[in-house]
Amino acid sequence: MDLNELLDVARTAGEPRPVDRSKIGMGGVDPLGLRQINFGLMDRVLPDLNNVASHIRPYTLMAWAWRRVRHILERGRRQSAQPEEMRDFVDRIEAIYAWSQFLIDPKADIPGAQAMRPMLDAVRYRFGGEEWEARRNMRRYSTGFISPLNYGPSLRTMGWLIPIEGAAGIFQPDPALEPVLDAFEKRFEAELDHEAFHRFGSVSVKRADAERWGKLWTMDKPRAAEAKAMFTRLGGERAAPARQKGVALIQAAYADLADEEATYEDIRMRMADARNRGKTILRLRIVMDEGGWTLTPGTTRQGNPPEPTPDRLETATSLLVECGRL
């Protein structure tokens, strides 16, 4: 029986009736199909987001790194560069940024803490040679910002990066972001004479330099211009219509809670209640809510229960907080 048949049966049912014992075995990731329903709902409410890309600064950094590629080509003696040279430069900037953030905060909320660990004790790191190339290639598809698992998709769909036609993997920042990138660069413009920021190819960076830069472009202090640009693309005039409505719903739910300390889980519950015209909707009584997960009545928090996985709503909430909209 498919979903439409189930819905037809539900519409005509006048009372409960017995059903055959379930043949679904114990275990499995999603035996009731609720996970896929959640994915479908998120695609309708908050398209183009994922559960990782929850901070403004990485968007700015990647747009700035590609602008820096243009700067090198325009102001240097070279009129062109191989695509791999340009990509290597941007990968280097991204890796230096991640390195710098983990140096000032080992628990920094960016991907790749485990993979970056060998660099944290290095006095100096050379961005060149086999070790760097292996690390770079791994980051491109796993823990790097440009990875499809992290900020890569939304960097493009939200208009921070524009693909160069006919050049796979090569981008330019949206020209409208120039004032944003100028404001970002202002904090560390005195550091731009370092070879890591103005030349292609192999360069070396001292740990002390990376740590100093980490304090200048820290993750948790986006500038006002960055916040404005992000909101425009997240839920403002440049956002997809569906996401505009989804973000507006988040803001309305937060405002209705009238609680400055409300969590994203509180917002989630209020958004769900809104579907029933302000009345609390029926929730399964076989469980009780706790941190986004559910526990069967009578169980305790002893042992190692699973932690809730961040989702797109948490991403959107985090970005809205950084935008000053929640």
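Laboratory data are not the source of any read-out in this text; all were calculated from the coordinates shown. Nothing here was measured: the structure is a model prediction, and the numbers come from that model. As a convention, Cβ positions derive from the backbone with ideal geometry for all residues, glycine included, and neighbour counts pool all protein chains shown.
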Item checked: Length released on extending from residue 138 to residue 44, taking residue separation times 0.36 nm less the Cα-Cα span -> 30.7 nm
Next item on the list: Between residue 5 and residue 245, take the C-beta separation as r, use R0 = 30 Å, and let me know the FRET efficiency to the nearest 0.05.
Entry: 0.45
Check: Which links in 186/221; 107/186; 186/228 stretch past 22 Å when you go from one Cα to the other?
Finding: 107/186
Check: What length, rounded to one decimal in nm, is gained on full extension from residue 115 through to residue 199, with 0.36 nm per residue of separation minus their alpha-carbon distance?
Finding: 27.7 nm
Next item on the list: Would you mind ranking 8, 91 by Cβ crowding within 10 Å, fewest neighbours first?
Entry: 8, 91
Margin query: Can you sort 9, 203, 247 from fewest to most other Cβ atoms within 10 Å of each residue's own Cβ?
Written below: 9, 203, 247
Next item on the list: Report ³J(HN,Hα) in whole Hz for each residue of segment 173-188, in order, from the Karplus equation J = 6.51 cos²θ - 1.76 cosθ + 1.60 where θ = phi - 60°; Gly and Pro get x.
Entry: x, 4, x, 5, 8, 3, x, 5, 5, 4, 5, 4, 5, 3, 5, 10
Check: Order of 138, 86 from fewest to most other C-beta atoms within 10 Å?
Finding: 138, 86
Item checked: About the Cα centre, charge dipole magnitude for segment 57-220 (Lys/Arg +1, Asp/Glu -1 at Cβ), debye -> 180
Check: In terms of the Cα gyration tensor, with a ≥ b ≥ c the square roots of its eigenvalues, is segment 1-160 rounded because a/c is under 1.5, prolate because a/b exceeds b/c, or oblate?
Finding: prolate
